[in-house]
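For reference, the structure is listed below as structure tokens.
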Amino acid sequence: MPLDWARVMERYRDGAEVDSLPGTATLSVSGADEEKIYVKHRLWKASLSRENLERAIDLVDKGEMTRDAADFIDQYRTAVADERPTTAATVLKDLGYLD
């Protein structure tokens, strides 16, 4: 199932609090547009690119990456990008793409 970006924008357009993965800090999504999801933590702000998230979900669908959020983090860093992999896993789990 490809990443449904319209659903991403609907979910995060006005921001959302996202349940964190075990052992990670609470995450706030501050918004989303056509190209990125914007996230913030009390110590930093960052964004996740649509291109990288779509690529990751494509690899998950092909069975080349795991659906397990905790194991996904290292695979994302290696196979997709070193772009906030824990945050990417947290967001994709919130969206229902990871377990």
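With the full set of protein chains in place, find how many percent of the accessible area of the chain is carbon and sulfur; take the probe as 1.4 Å.
Values: 2410 of 5580 Å².
In the chain, the share of accessible area belonging to carbon and sulfur is 43 percent.
Given [x] 11; [y] 66; [z] 45 as candidate values of percent of Cα pairs over 24 Å apart, which corresponds to the one derived from the coordinates?
[x]
Once you place label points 7 Å from the Cα toward the Cβ at Asp4 and Glu83, how far apart are they in nm?
Output for this residue pair reads 2.2 nm.
Please list 3J(HN,Hα) in residue order for segment 83-99, calculated via the Karplus relation 6.51 cos²θ - 1.76 cosθ + 1.60 where θ = phi - 60°; whole Hz, with x for glycine and proline.
10, 6, x, 5, 5, 4, 5, 4, 5, 5, 5, 4, 7, x, 7, 10, 8
Report the label-to-label distance for Lys62 and Glu17 in nanometres (one decimal), using points 7 Å from each Cα along the Cα→Cβ vector.
Taking the simple label geometry, Lys62 and Glu17 are separated by 3.9 nm.
In percent, how large is the relative contact order of the chain, given Cα pairs closer than 8 Å and 6 or more residues apart?
Working: 147 pairs, mean separation 22.4, N = 99.
Value for the chain: 23 percent.
The values are calculated or read from the model by the stated rules, or taken from the named source; none is laboratory data. Owing to the predicted nature of the structure, the values given are computational and were not obtained by experimental measurement. Every residue, glycine as well, gets a Cβ built from its backbone with ideal geometry; the counts of neighbours run over all protein chains shown. Accessible surface is based on the protein model in full, side chains and every heavy atom, while ligands, DNA and RNA are left aside. Shrake-Rupley method; radii C 1.70, N 1.55, O 1.52, S 1.80 Å.
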